[in-house]
Every structure is written in C-alpha cells, then in structure tokens.
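Before any comments, here is the structure.
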Amino acid sequence: MLNFLARRLFATIPVLLVVAVLVFLLLRLTPGDPAAILAGDAASTDQIAGIRASLGLDKPIAVQFGIWFAHLLQGDLGQSFYYKTQVAALIGQRLEPTLSLAALTILIAVLVAVPLGVVAAWRQGGWLDRALMGFSVLGFSVPVFVLAYILIWLLSLKLGVLPVQGYQRLADGAGPWLRHLALPALTLSVIYVALIARVTRASVMEALGEDYIRTARAKGLTEARVLVRHALANAAIPIVTVIGIGIALLIGGVVVTESVYAIPGLGRLTVDAVLARDFPTVQGLILFFSFIYVLVNLVVDLSYVFFDPRIRY
Amino acid sequence: MLIKRAIAAAAAVLSAAAMLGSGGAAQAQGDAKTLRIVPHSNLAILDPIWTTAYISRNHGYMIYDTLFGTDEKNQIKPQMVDTWTESPDHRLWTFKLRKGLEFHDGKPVTSEDVVASLARWGKRDAMGSALFTFIDRMDTPAPDTFRIFLREACGFVLEALGKPSSNVPFIMPKRVADTDAFKQIDDYTGSGPYIFKRDEFKPGDKAVYVKNPKYVPRKEPPSGTTGGKHVYVDRVEWNLALRDGQAQMNALQKGEVDIIEALPFEFYEVAKKDPNIQLPKYATVNLQYMARFNHLNKPFDNVKVRRAVLAAFNQLPFLQAQVGVKELYNTCPSMFTCGTPYGSPAGSEIQSKSNMKKAQELLKASGYDGTPIVLMKPTDLAAIQKLPDVGAQLLRQAGFKVDLQAMDWNTLVARRAKKDPIDKGGWNMFMTAWQGHDIWNPIANPTMDTRGVDSGWFGWAKDDELLALRAKFMRATDEATKKKLAAAIQTRAFEIGTHVPLGEYQQPMAARKNISGFFITNGNIYWNLKKN
C-alpha cells in the first residue's frame, strides 16, 4: 500500500509539470493585456507600458517562465497582478467557502441520491423508479442559474426562510454559516442527486441480479439488510467514483452558483483572474486544481479497498 | 416501510431548515450602524493614483481627503485648504491648510505631505501632468502652508486640485506619497472620513471601512465632493462578491444590502414600484457614451470619412438600445458634458442636424474605397455592450462595410492600445462611456489631446490647430475667455472628427427607504448617510 501511495504521489510531479508549462504558454498566447486592465480606461499608452514593465511582462517568455518556475520550486505561487496579494493567500481565503459548499452539496446529494437509487433499483419499473428517471432528466437539463433563481424566489423572497446571497465564515457561527450555504448547496445538489441516483440505481440493479443476493434472501435476511449490506456494498465502487468526480468538479467549477449567490469561492476567483488576465493567479489556481484532481482520484482509488476486499495495492 | 422512513427523514430535514430560517428577519436588516453597499465593480487596486479605475477612485474618497473639491454646481470649493491667495500675475499660489487635519495614525497633515502627494499625482494624471508643465517649483514655508510657483500663468490650478474624478489628487502621508508613481502603495493611511480596515479586506469578497472619529468636517453642508463630510454610521461594508444584477436586486428587496451603487437599467421599473426601495437623485452631471476613431488606420485617417460617421451616428438609437429607460437618457450635442461650464452645442450641427441621407452623401464624396471598419464589441461589459451593434447597423446604412468583432473587454483594451495596421491586429473603432467630470473641459478630456501618435489616449488624433487652442485654454485666466476657447475647441473637434459623442445617461442608484441623507454628489460618495 505504501509503495502504491508513493508511486502515485511521485507520478503527480510530471503531471503538474506539464500542466504548469501548458497553462503558462496558453495564457501568454491568448489575446489580452493585464497591464491595460490594471491601468484603467483613462490611462495613456505610456502608462500601460510602464505597468507592463513593472509586472515583468516586457521580458521574453522564456525568462518569465524561468522566474516563475524558480519561485514555484520554492513553493511560491507568486503575487496576483490584480490583487497585489500572494496567490497562495488568495486561494487560502477562497478555500473555506468552496470546500464548505462542496462538502454540503455532496452530503445532501449522497444522503438523498443513494437511498433513492437503492429503492428505485429495488422497485424497478415502479412509480418511484419512473419518478427518479424523470427527475434525473430534469436535473441534468435545467441550468443551475434557472434553478437558483426559482429557489431564491420561493425560499428567500416569498417564504423568507433563507438568505438570498452571501457567505458567512464558520468562525462567525455554525448557524449563519449553514443558513447561507443551504440554498446554494440545495441548488447544486440537484444535478448531483440526479447523477448519483442514476449511477446507484444502475449499479444496485446489477448487484441485485447476482447469486449472492438470492442466497441472502434464501437465508431469511431482511430486505433492508439485503439491500444495504449485500447489494449496495457490492455496488459501491462506481458510486464512489462518481462522488469523487463530483467533489473535484465542485472544488473547481461552480462559478455560476458562486455568482448568483455571491459566494467568494475558487470558481469566481478563477473566472475573475482569467478575465483580468491575472497570469499568476490563473497559473496558481490551475496547478492547485490539478493537484486536487490527482488527490481526489487517489483517495477514490484507495477507498476501493474498503468496499472490495479483493482489491489490494 | 423503507419509504415511510425516507419520508420521516425528509420531514426532519425540512424542520431543521425552518429552524435555520428563524433568524432571517434580524439577519436581513443587519446592524443599524452598518451600511452595506454593492459597488459597481470589484475593488482590486487600492491605489487611486496608480490606476484610473472608478472603483479605486471611490475607495479613495472613503479614506482620503482633498485640497479642493467640486460642488454640485460644478464650482471649485476648498476642502482641506482654509485660505489661499493668487498673485496678481497668477504665478504664485499660496495655500493654508485647515486646522485639525490629522491622518488616521494620529499624525498631523502637513504641507510636506501635500507637496509629496501632488508630485506623485502629477506623474500619473493627465490634468496633473498638464499642470506640472507650468509648475516651476513647490515649497513649504510652514507646516500648514505650501506654495506653487508657476513658470507662466495658467488658468486651471484650482480645477486641477479640485478635480472630482480619476485621478483625484488625494492627500497621503509623505512616506506613502514618496512611493514611486509607477508602483502601487501598500499603506492606506489617509485623513478622510473613514478608515480602511485592511485586516478585514478580502479581495473579491468584502471591503470594510469604519468611521474616523477624529475627522473634523467642514461646517458647510455637503455638496459634490465638498462641504462637511459627516459620518453617521459606524461601519461601511462593500459587498464585492455580489456581481449578478438579479442577485443584487433580490438582496436589496430582502434588505440584505442597503445600497446598489449602479442599478442595472432592466431593474429600474421594478425598483420604482417597490415600496421599500428608493431611487435617490445623486447626480446632475451625466455620463456620456462615445465612439472613438483610430486616426492612424484607413479609412478613418481621412477626415471626410470621419465626418460621414458623425453624420450617421444619431444619438437616439444608441441611447434607446443601451439604456432603454427614457427618463434616464438625453441627447447631448456636446463633447463636454451637457450642463457643465463648457458644455455647448458649438460646432455640433454635423451630428445634431444631420440625417442618414447626408451621411451617405458625405461618404460618397469622401472617396471611401470600401475598406471594412473593424469595430470592436465587448461581450462581457453590460454597460456598453449594445452600442457597437447599433453603431454597426448605422455604419452599414451609411454605406460602410463593417467587420464587427466580438471579444471580451480585456482583449479589447489590449487591442485598442495597439497602433498597428489592421492586418497586424489593429482596429478602427471602439465605444466606451465616461463619467461627466472626466470629459467636461478640454484639459481633462483625453480626446482633445491631438498630438497624434505621441498623444496619451487611444485613437491618436492629430491636429495642431486644436492643440494650439487647448494650449491657449490652459493659459486663459478668466472664465469668459475659457468659455469662448472651449467652444472653439469643440467646433474644431467636430470639424476634424476626434470622436463621436453618443449621448448621455444617468446611472441609477437604488437604496432601501430607511437610508437617508443622499445629496448631489455626482459620484459614488458615502458620507452624510443615515440608516434609520
């Protein structure tokens, strides 16, 4: 196991290296000038040129890469052109809202989707199964922002139950933290419920057709025990895989939800940085996301050991 | 059985949600002494001298003070200055500071701080740079007195020192103002009515200001950027994360924010009808749209072609498309903001009394050879996004070939800085909007800098006659002469087609009804406000 862990972690290095080079080059090849945005609309061409020089953007690309990479090797992601703050600090500030939203979304999704998927598979062809299939199509089809506005209208403006926007840090109290996250997590969880429920249903259906299920029933086990202890346990691997992908996506790509609910998360930071051509921040974020994806994949692979004793690393 | 358990679990979750919601009303109204504002943009750059971005200027007004300001009648009035004298030959200006001016760190504001701040500002601001071409030296004969010695008389010393928009000559401590003008400051000590809470600043999330208890306001009532800057709240929070227009409106309706600085036009009627929301009148000076030619590239290197565009660009379609709300826009046949001292219709007949037929005739007579016009359109800036579509249509009606190129704003600003020909990534035209005080006189208005490729602003118009008139304007010391020269400058600008003014509009602000104290600021200024 330790060898496997070491090999996987070591394999991360070339992945991150390729990502670093690619993102660095792509940013500099796309049109746009961070100096022009920073200078403001009324700035002169000379002022823009001065800012460009102060940011080191007038140096050859190879030199710029060398400087950035040298800092990267020392664990320094550089300083944001736009915010004049260390990129690592920016990511740190945005991590809590993003992780909170991701965790709550996945929690809701798993708590709702897995039981729904199991029951739908158990009662295949019944009204619940059909309802779930219909819901999952809706869940995939309705854009997140449409759902967000509907939920805001209903739960915030009409019923006044939850706030419209914003994020409260956990340090300011668990109650406000949870209240502000409830709606965005509910909004985001719909698509993940749809996805995880479908995968759960398909996987459990397959497991329910196995001989050991017939054996378990023949032994007189309760249906609940058969479903959970035998069917679900053996169907877990694809479900866990999808959950892992979901976590990775939530950490990196929920800018629409963050925009609608004014959550200062990593998704919004990424979009702002791209639009402002804030090269160090974009580079740092992409590297960070790459590392997260690798880590999440590793954790998912390791978790297989718990669900399937036949798997050994 | 399983299904019953599932329903019971769902009911428990909903009950928990209802309990979470029980604190809603109190949360929504917020602290009675905290003003929660949604600014028009994200605050990233905290140095209002380093950038011209309006959001940074607004941040500056919170924490810094100015020597002079501009009142609601566009008159220059003293702010930090108590008294001043001007020598009979207009070449020596002596200023005495008010008593009791203190920075947030408790140190007194001295004339050395002022001189250092002006020097840094003069290196970045166009009007400041123009002023400094006249300045021989500055000195500080006493801690509360500074003097400006001019090489020759000029007529805009006070207008420059009291200019209300970017870059505003904010006064900083000398140690901060001594920072290289091309590097950003990292010390935000000011002497203004609010103190910046740097420890609570989270870029892209929140900016926080607290009341400066030691600020000594002037006795006059507040007006524009002048008068008494009284603060009646303890704290101001700028919500930098709330950028979606619908989300802003929802938050205002629910009382989660108190003020939306720039209400999107599509929510204007909704806000008007809401009994809990007001649309305070805070500006008498409008914003102005404009279309800017690139004078370096064909066909706009030909003055006759530019004048054909002036004839084609009727302002009304632009305003109807971009603003849409009739009470918020007006046509303005002036390159200097209408309603300000130099706003006039002088020379504007080519546009204001024109029609498409005339535009077509002018184009034909110009010898236009069918070169496509590269018109840049920003896709991510709702404030001006529709203007290029209207422009393209009008150009085509006039007989132009148009290549309307959509791009994000950052690409546009990068490209407009290029002087290259079209086939190497150049451009012919872009459109933008200005706050009225940035274009209200020939010195501040960057389109009047007609030094060609050496001029500061994009487009690089060249005309020696206009330059000469502008130089005369700078030297004129009486108002009547200035007005005459401004009219002459504008007439010349229309003759050569520096750019095309596309009409003016007001940017509505929306606020909860329990906020009072609004006055004519002609900008985004947050003193004098009470939360009842």
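The values are calculated or read from the model by the stated rules, or taken from the named source; none is laboratory data. Keep in mind that this is a model prediction, so the values were computed, not measured. Please note: Cβ atoms are built from the backbone with ideal geometry, for glycine as well, and neighbour counts cover all protein chains shown.
Look at residue B:139 and say whether it is of a type in the set (Asp, Glu) and either within 14 Å of chain A (Cβ to nearest Cβ) or in a loop (DSSP other than H, G, I, E, B) (or both).
The answer is no for residue B:139.
How many residues are within 14 Å of chain A (Cβ to nearest Cβ), touching a Phe, Trp or Tyr at 6+ places or on another chain (Cβ under 9 Å) and either assigned to a strand (DSSP E or B) or in contact (Cβ under 8 Å) with a residue 60 or more places away in the chain (or both) when one looks only at region B:202-213?
Looking only at that region, the number is 5.
With the requirement that a residue be more than 14 Å from residue B:34 (Cα to Cα), touching an Asp or Glu at 6+ places or on another chain (Cβ under 6 Å) and basic (Lys, Arg), what does region B:188-220 give you?
Matches in region B:188-220: B:214 only.
Going by the structure shown, is residue A:97 in contact with a His (Cβ under 9 Å, 6 or more places away or on another chain), crowded, with 16+ Cβ neighbours inside 10 Å and either in contact (Cβ under 8 Å) with a residue 12 or more places away in the chain or part of a helix (DSSP H, G or I) (or both)? So that I can check it myself, show each step before the final result.
Working: in contact with a His (Cβ under 9 Å, 6 or more places away or on another chain): no; crowded, with 16+ Cβ neighbours inside 10 Å: yes; either in contact (Cβ under 8 Å) with a residue 12 or more places away in the chain or part of a helix (DSSP H, G or I) (or both): yes.
No, not satisfied.
Quick one: in region B:33-49, which of the residues that are in a loop (DSSP other than H, G, I, E, B) and more than 8 Å from chain A (Cβ to nearest Cβ) is nearest to residue B:259 (Cα to Cα)?
Only one residue tops the list, namely B:39.
Quick check on my filter: what residues within region A:209-230 are hydrophobic (A, V, I, L, M, F, W, C) and within 14 Å of chain B (Cβ to nearest Cβ)? I'd like the intermediate steps shown before the answer.
Kept after step one, since they are hydrophobic (A, V, I, L, M, F, W, C), are these residues of region A:209-230: A:213, A:216, A:218, A:221, A:224, A:226-228.
Selection gives A:224, A:226, A:227, A:228.
Taking strands (runs of 3 or more DSSP E) that fall entirely within region B:54-104, which contain at least 1 residues that are touching a Phe, Trp or Tyr at 6+ places or on another chain (Cβ under 7 Å)? Give the steps one after another, and end with the answer.
Working: elements: B:68-70, B:76-78, B:81-86, B:92-97.
Qualifying strands (runs of 3 or more DSSP E): B:76-78, B:81-86, B:92-97.
Do any helices (runs of 4 or more DSSP H) lying entirely in region A:231-275 carry at least 1 residues that are away from chain B (no Cβ under 14 Å), and which ones are they?
In region A:231-275, A:233-252 are the helices (runs of 4 or more DSSP H) which contain 1 or more residues that are away from chain B (no Cβ under 14 Å).
Any idea how many residues of region B:418-454 are within 11 Å of chain A (Cβ to nearest Cβ), surrounded by 22 or more Cβ atoms within 10 Å (Cβ to Cβ) and of a type in the set (Gly, Ala, Ser)?
Of the residues in region B:418-454, 1 are within 11 Å of chain A (Cβ to nearest Cβ), surrounded by 22 or more Cβ atoms within 10 Å (Cβ to Cβ) and of a type in the set (Gly, Ala, Ser).
Of the conditions (1) modelled with pLDDT under 95; (2) in contact with a helix residue (DSSP H, G or I) (Cβ under 8 Å, 6 or more places away or on another chain); (3) small (Gly, Ala, Ser); (4) farther than 18 Å from residue B:182 by Cβ, residue B:142 fails just one. Which one is it?
The one condition residue B:142 does not meet is (1).
Output the residues belonging to region B:214-252 that are touching a Lys or Arg at 6+ places or on another chain (Cβ under 9 Å), in a loop (DSSP other than H, G, I, E, B), more than 14 Å from every other protein chain (Cβ to nearest Cβ) and among the charged types (D, E, K, R).
Correct list: B:218, B:220, B:229, B:234.
Using beta carbons and a limit of 6 Å, which pairs, at least six apart or on different chains, have the first residue in region A:101-130 and over 21 Å from residue A:267 (Cβ atoms) and the second one basic (Lys, Arg)?
A:117/A:201; A:120/A:201; A:121/A:201; A:129/A:123
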